[in-house]
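Colleague: Below is the structure I would like to discuss, written out as structure tokens.
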Amino acid sequence: MAELVREMLISHDPSETRVAVIEDGKLVEFYIERAKRSVVGNVYLGRVKDVLPGMQAAFVDIGLEKNAFLYVDEIVAPEGFEDVPKRDITQMLRPGQQILVQVLKDPMGTKGARATTDITLPGRFLVLMPYSDFVGISRKLPEEERDRLHAIITEAAPQGVGVIVRTAASGSSAKDITSDLEFLQRLWKRVQHQAQEALPPEVVYTEMDLALRFVRDVFGEDFKRLLIDDKSLFEKIASFLKKTSPELVRSVQLYREKVPLFDYFALPDQIASVLERTVRLPSGGYIAIDPTEALTAVDVNTGKYTGRKSLEDTIYRTNLEAADEVVRQLRLRDVGGIIVVDFIDMEDQFHRAEVFARFNKALERDRTKTRVMDISKLGLVEMTRKNVTDGITAVLTDSCPTCHGEGRVLSDSTRRIMVERRMREVLRTGKSPAYLFGLHPETYAIVNAPGQNVIAMLRAETRRQVAMVPDPDCGPAEVRILIEGKAGAIERAAR
């Protein structure tokens with residue numbers, strides 16, 4: 001099998017920064033940062049607002065719109081909390097207490113940020129854990145490289161400080177590793193100093209912006225190149241890599257073509273597909289993605305694909321294609337939480353095993369932590385994927401003001417019946433002889449469609465003069481009384 005060609009694209013303008021990862025020409029990861037940046041990774045000196053023994057959690061004011069949520073298991077610090085019996089949060093925190101926390105998850109919907117006191121500071125090659133003594137090496141590295149890096153870091157790391165060696169450290173020298181460690185130790189001292197001088201709630205450490213963070217965490221020798229269309233950002237990233245990974249600087253290029261960077265790689269259509277419910281497969285089958293409050297359901301269908309050999313073979317080939325595409329869409333949309341993938345039911349146990357293996361193989365390229373259950377006899381795969389942000393859909397869209405995010409609107413018949421019933425109630429209970437009603441323009445067209453005769457029917461039922469006009473200020477099923485009074489005035493107003 002040919003080696004996967006990976007490229008990273010960074011596009012920057014005054015409105016936003018966009019980062020894309022493409023594999024063999026296909027968009028697999030896409031992130032946007034606007035004026036309202038993610039707060040994940042930021043460290044705050046906060047103040048405990050409420051301690052909830054029934055939930056074994058606390059709410060911490062960190063200066064955001066909503067207080068951060070701090071669960072008891074996320075409380076680790078040098079004050080000896082580990083010795084508290086049964087880790088009772090009321091014995092650890094009290095309202096009004098100052099506390100240093102780091103954001104794990106951005107605020108989502110009605111929920112505030114998720115926080116921890118287990119501070120971690122990421123560098124290019126290492127992650128420093130000041131409140132831990134754990135030393136770990138990325139499992140994605142070969143065993144021999146893991147052993148080499150473990151020997152370097154155990155000799156360099158001071159007692160009582162935890163360190164994780166990242167995948168990006170592969171091939172790095174002892175000097176590179178120790179330099180990164182020294183930088184992170186200096187950074188931690190600055191954070192501590194900031195916390196001592198700060199007044200809560202106040203941010204004491206701000207995570208890098210999207211472009212630099214992505215280059216630090218993701219870009220490596222497995223990428224063919226990194227293209228950047230903004231000169232100042234290009235120089236900033238090149239300068240960062242010269243200090244941390246000089247061998248990667250040659251792979252960073254300033255994009256100078258007149259055609260916009262994302263257009264050159266035909267990404268706009270792929271980005272637009274993120275907002276679509278269904279995604280077509282090469283054979284003619286498709287997958288349908290339906291997010292709900294509790295989980296995200298992904299359904300696989302054969303669609304137009306009828307196959308050539310047998311029904312079982314058609315299903316098997318559709319499922320194989322879907323295994324790759326489902327993972328791509330999870331990465332592209334940054335879907336988190338509980339996910340259930342409903343592959344088409346397969347009778348052949350070997351086929352089920354092959355599809356599941358294909359699915360897990362595709363997940364190996366996903367940077368986000370996942371946990372997958374075995375495929376069931378019905379073709380269901382249950383999994384969880386770490387949820388850090390709302391995903392790209394939440395950045396690009398708002399909830400529909402008509403359906404309130406449900407994805408469905410009232411049918412024409414329902415709208416007609418609802419406004420007809422509302423007008424009838426007004427006419428029966430009102431005291432005026434004539435009424436002029438305002439309706440949403442679309443509803444007005446529905447009520448006045450040929451064959452409806454709503455006005456004539458209401459006049460006959462109530463013995464009152466009735467008229468209607470389109471009113472853009474009305475909701476789809478709303479009725480507004482614009483004028484009530486004498487019949488002549490109503491008729492003139494309705495003309």
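The values are calculated or read from the model by the stated rules, or taken from the named source; none is laboratory data. What you see is a predicted model; the values in this text were computed from it and never measured. Glycine gets a Cβ as well: all are built from the backbone with ideal geometry, and neighbour counts include every protein chain shown.
Colleague: Working only within the range 217-246, note down all residues that are under 20 Å from residue 122 (Cβ atoms) and of a type in the set (D, E, K, R).
Modeller: Selection gives 217, 221, 222, 236, 242, 243.
Colleague: Take the residues in the range 23-82 that are among the acidic types (Asp, Glu) and part of a helix (DSSP H, G or I), then tell me which one is modelled with the highest pLDDT.
Modeller: Filtering the range 23-82 for residues that are among the acidic types (Asp, Glu) and part of a helix (DSSP H, G or I), the one modelled with the highest pLDDT comes out as 74.
Colleague: Filter the range 380-437 down to the residues that are over 30 Å from residue 480 (Cα atoms) and not in a loop (DSSP other than H, G, I, E, B) and list them by number.
Modeller: 380, 381, 382, 383, 384, 385, 392, 393, 394, 395, 396
Colleague: Hey, among the residues in the range 336-368 that are in a strand (DSSP E or B) and among the β-branched types (Val, Ile, Thr), which one's farthest from residue 387 (Cα to Cα)?
Modeller: Only one residue fits best here, namely 341.
Colleague: Before we move on, is residue 359 in contact with a Ser or Thr (Cβ under 9 Å, 6 or more places away or on another chain), aromatic (Phe, Trp, Tyr) and surrounded by 15 or more Cβ atoms within 10 Å (Cβ to Cβ)?
Modeller: No: the conditions fail for residue 359.
Colleague: Still on this structure, I have one more. Can you pull out every residue in the range 157-177 that is under 17 Å from residue 246 (Cβ atoms) and assigned to a helix (DSSP H, G or I)?
Modeller: If the condition is that a residue be under 17 Å from residue 246 (Cβ atoms) and assigned to a helix (DSSP H, G or I), then 168, 169, 174, 175, 176, 177 are the ones that fit.
Colleague: Then there's this: Determine whether the range 452-467 contains at least one residue that is touching a His at 6+ places or on another chain (Cβ under 9 Å), surrounded by 20 or more Cβ atoms within 10 Å (Cβ to Cβ) and either at pLDDT 90 or above or assigned by TED's automatic domain parsing to the domain that holds residue 487 (or both).
Modeller: No, there is no match, as no residue in the range 452-467 is touching a His at 6+ places or on another chain (Cβ under 9 Å), surrounded by 20 or more Cβ atoms within 10 Å (Cβ to Cβ) and either at pLDDT 90 or above or assigned by TED's automatic domain parsing to the domain that holds residue 487 (or both).
Colleague: Within the range 188-211, is there a residue that is in contact with a strand residue (DSSP E or B) (Cβ under 7 Å, 6 or more places away or on another chain), surrounded by fewer than 19 Cβ atoms within 10 Å (Cβ to Cβ) and within 24 Å of residue 7 (Cα to Cα)?
Modeller: Within the range 188-211, one or more residues are in contact with a strand residue (DSSP E or B) (Cβ under 7 Å, 6 or more places away or on another chain), surrounded by fewer than 19 Cβ atoms within 10 Å (Cβ to Cβ) and within 24 Å of residue 7 (Cα to Cα).
Colleague: Here's another thing I want to ask about it. Which pairs turn up if I take residues in the range 349-378 that are farther than 13 Å from residue 326 by Cβ and look for partners that are among the charged types (D, E, K, R) and surrounded by 13 or more Cβ atoms within 10 Å (Cβ to Cβ) with beta carbon separation below 6 Å, at least 6 apart in sequence or on another chain?
Modeller: 368/385; 368/386; 369/386; 373/382; 378/345
Colleague: Counting just the residues of the range 427-449 that are more than 13 Å from residue 416 (Cα to Cα) and free of Cβ contacts under 8 Å to residues at least 24 places away in the same chain, which one comes out farthest from the chain's Cα centre (by Cα)?
Modeller: 431
Colleague: For the range 296-317, check the following and say yes or no: at least one residue is aliphatic (A, V, I, L, M) and closer than 27 Å to residue 220 by Cβ.
Modeller: For the range 296-317, residues aliphatic (A, V, I, L, M) and closer than 27 Å to residue 220 by Cβ: absent.
Colleague: Are there any pairs, at least 6 apart or on different chains, whose C-beta atoms fall under 7 Å, with the first in the range 464-478 and more than 14 Å from residue 426 (Cβ to Cβ) and the second surrounded by fewer than 18 Cβ atoms within 10 Å (Cβ to Cβ) and acidic (Asp, Glu), and if so, which?
Modeller: 476/442
Colleague: Just for the range 362-379: of the residues that are of a type in the set (A, V, I, L, M, F, W, C) and more than 19 Å from residue 281 (Cα to Cα), which one is surrounded by the most Cβ atoms within 10 Å (Cβ to Cβ)?
Modeller: Only one residue tops the list, namely 375.
Colleague: Out of (1) in contact with a helix residue (DSSP H, G or I) (Cβ under 6 Å, 6 or more places away or on another chain); (2) farther than 28 Å from residue 367 by Cβ; (3) among the β-branched types (Val, Ile, Thr), what's the single condition that is false for residue 48?
Modeller: It fails just one condition, (1).
Colleague: May I pose another question? Go through the range 136-166 and give me each residue that's closer than 21 Å to residue 187 by Cβ and under 30 Å from the mean Cα position of the chain (by Cα).
Modeller: Matches in the range 136-166: 136, 138, 162, 163, 164, 165, 166.
Colleague: Quick test for you: out of 281, 261, 241, pick the one residue that is outside the structural domain of residue 218 (by TED's automatic domain parsing) and surrounded by 14 or more Cβ atoms within 10 Å (Cβ to Cβ).
Modeller: The conditions single out 281.
Colleague: So in the range 300-319, with the set limited to residues that are in a helix (DSSP H, G or I) and in contact with a strand residue (DSSP E or B) (Cβ under 8 Å, 6 or more places away or on another chain), which one is nearest to residue 384 (Cα to Cα)?
Modeller: Residue satisfying both the conditions and the ranking: 319.
Colleague: Counting residues that are farther than 22 Å from residue 37 by Cβ and β-branched (Val, Ile, Thr), which strands (runs of 3 or more DSSP E) fully inside the range 180-299 reach at least 1?
Modeller: Qualifying strands (runs of 3 or more DSSP E): 252-254, 278-280, 286-291.
Colleague: Taking the range 450-463, which residues are in contact (Cβ under 8 Å) with a residue 24 or more places away in the chain and more than 18 Å from residue 428 (Cα to Cα)?
Modeller: The one that is in contact (Cβ under 8 Å) with a residue 24 or more places away in the chain and more than 18 Å from residue 428 (Cα to Cα): 452.
Colleague: Please state which one of 392, 344, 375 is at pLDDT 90 or above, over 27 Å from residue 3 (Cβ atoms) and not acidic (Asp, Glu).
Modeller: Matching residue, one of 392, 344, 375: 344.
Colleague: Criterion first (of a type outside the set (Phe, Trp, Tyr), under 30 Å from residue 277 (Cα atoms) and modelled with pLDDT under 95) does residue 425 satisfy it?
Modeller: no
Colleague: Take residue 154 and tell me if it is assigned to a helix (DSSP H, G or I), out of contact with any Ser or Thr (no Cβ under 9 Å at 6 or more places or on another chain), farther than 27 Å from residue 246 by Cβ and at pLDDT 85 or above.
Modeller: Judged against the criteria, residue 154 is not a match.
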